[in-house]
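Peer 1: Before anything else, here's the structure in question.
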Amino acid sequence: MTQIELMQVALDLSKDFKFTAKPNPVVGALVVRNGEIVAQGAHESWGKNHAEINCLNNLDKSLPKDELTLYVTLEPCNHFGKTPPCTDAIIQSGIKKVVIGALDPNPKVSGQGIQKLIDANIDVEHGVLASEVADANKFFFFRHINKRPFITIKIASSSDGMSHAKDGSIKWITSAAAREDVQHLRAEHDAIITGGNTVRNDNPQMNARVDYPINQPKKILLSSESNWDKDLKFFDAPVSIIDSRNLQDVLHSLIDEDICSALVEAGPSLVNAFLEDGLCEELVVYQSPNPIGTKGISWFDDGNTIEKFGFKHTSSYTIDRDKKTTFVRC
C-alpha cells in the first residue's frame, strides 16, 4: 500500500468516532511493516487515550522496531492535557519513522510535536492527505485558526419565509422526518445556543435524540434573566446562561469551554444578530411547502435574503415533504 492509501485507512478509522471524540479532533493511527498494517488505533472518546496510544497498545512488542513506521492523521501532541504527551510514548516505543497527515493548528502543539520527534532522531514526514484531515476536523481547525467556535445556524421556515405564527397556532412548521434530521445536526456540534424567547415560548429540550453514542452538546442560553423556571425542558441538563449582547465576546468566551462548534437554534431576532455580525459559517434551512401567510413572523427583515448576508447555496434535497438546503459563507 502507498503512503496515501495507508493514511486514508487511518483517516477512515478516525471518522468512526466523530461523535464521541468531540470536541477533540478525530485521529487515526497505524503501525506499518513492509507495507502491511500490523497495528491500528483511533481516538475513541474525549478525555481518553489518543489514537497513537491505542495503536501502540495494540502492537506486538516483539516486532523489530527498525522495520516499523507509525502513520498518524494529526501531529502528535507534546503537552500534558487530559492525557500525557503522545510524543513521549512514540519515542519510548522505539519506532524510528513517523508519517503525519496534518500539522495540529493548536498553538500548544503546532510544529512542536514534530520537532520533539526529530530531536529524538526520529525520521518524520508530514503533509500526506493534509487537506482531507483538516476537512474531517473542520470545527477543530476553525476554532484554533479563528479563536472562536464554528457557528451553524439552523432555521425551520414556511414556504413564504415565516418562522412562526403570531398567535402560536402552529406548533410544527416542518415534518417529523425533518425534525428527526435535526437531531443528527445537533449531534455533530459541541454546543447549542438559543435565546430566552425560544426557551420560554417553545419549551424545547434541544438535545440530540439519536440512537448512537455521542457526547451531548452543551446548552447555552443568551439571556439577561437569571431566575429561570428549571422545570422547563431546556434545563434537563446543565445550562450556561450568558448575559451579554456582544456576540463576539460571547463566542470568544467559549474558547475556554472546549467548544469548537455551536448550533444556533433561535428566533428571528437572535438569528439575524448572528448573521448581521458576520458570525455564521453555515446556514441550514428546513423549508415546508406550506405557507403561514399574514399571521406569520418573517425570518428576515425587508430586503434581506440569505444571499445578501454573503452565503452561497451548496446542497439541497428533500426530506419527506420538506426541503433541506445548506448555505455556506462565501
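The values are calculated or read from the model by the stated rules, or taken from the named source; none is laboratory data. On a predicted model such as this, the values are computed, not experimentally measured, just so you know. A quick note on method: Cβ atoms are made from the backbone with ideal geometry, for glycine too, and the neighbour counts reach across all protein chains shown. Just so you know, the surface numbers come from the protein's heavy atoms only, side chains and all, with ligands and any DNA or RNA stripped out. Shrake-Rupley method; radii C 1.70, N 1.55, O 1.52, S 1.80 Å.
Peer 1: How charged is the neighbourhood of Val99? Take every other residue with its Cβ under 13 Å from the Cβ of Val99, and add Lys/Arg as +1 and Asp/Glu as -1. Could the numbers behind the result be given before it?
Peer 2: Working: positive: Lys96, Lys97; negative: Glu5, Glu52, Glu75, Asp123, Glu125.
For residues surrounding Val99, the net value is -3.
Peer 1: Looking at the range 191-286, which trypsin sites (Lys or Arg not before Pro) are in a loop (DSSP not H, G, I, E or B) and have at most 15 other Cβ atoms within 10 Å? Walk me through the intermediate numbers first.
Peer 2: Details: sites: Arg200, Arg209, Lys218, Lys219, Lys230, Lys233, Arg245; in loops: Arg209, Lys230, Arg245.
Here the trypsin sites (Lys or Arg not before Pro) that fit, given the DSSP loop and packing criteria, are Arg209, Lys230, Arg245.
Peer 1: Still on this structure, I have one more. Give me the percent of accessible area attributable to carbon and sulfur for the range 1-72, probe 1.4 angstrom.
Peer 2: Roughly 49 percent of what the probe reaches on the range 1-72 is carbon or sulfur.
Peer 1: Quick one: which residues, 5+ away or cross-chain, put their amide H under 5 Å from the amide H of Val264? H built at 1.01 Å from N.
Peer 2: Residues meeting the amide H criterion: Thr152, Ile153, Lys154, Ile193.
Peer 1: When we measure straight from the Cα of Lys308, which aspartates and glutamates land under 16 angstrom away, once same-chain ones fewer than 8 places off are left out?
Peer 2: Straight-line reach from Lys308, under 16 Å: Glu276, Asp277, Glu281, Glu282.
Peer 1: Still on this structure, please answer the following. With everything on Cα atoms, drop me the angle between helix 176-188 and the longest principal axis of the chain, reported from 0 to 90° to the nearest 10.
Peer 2: 40
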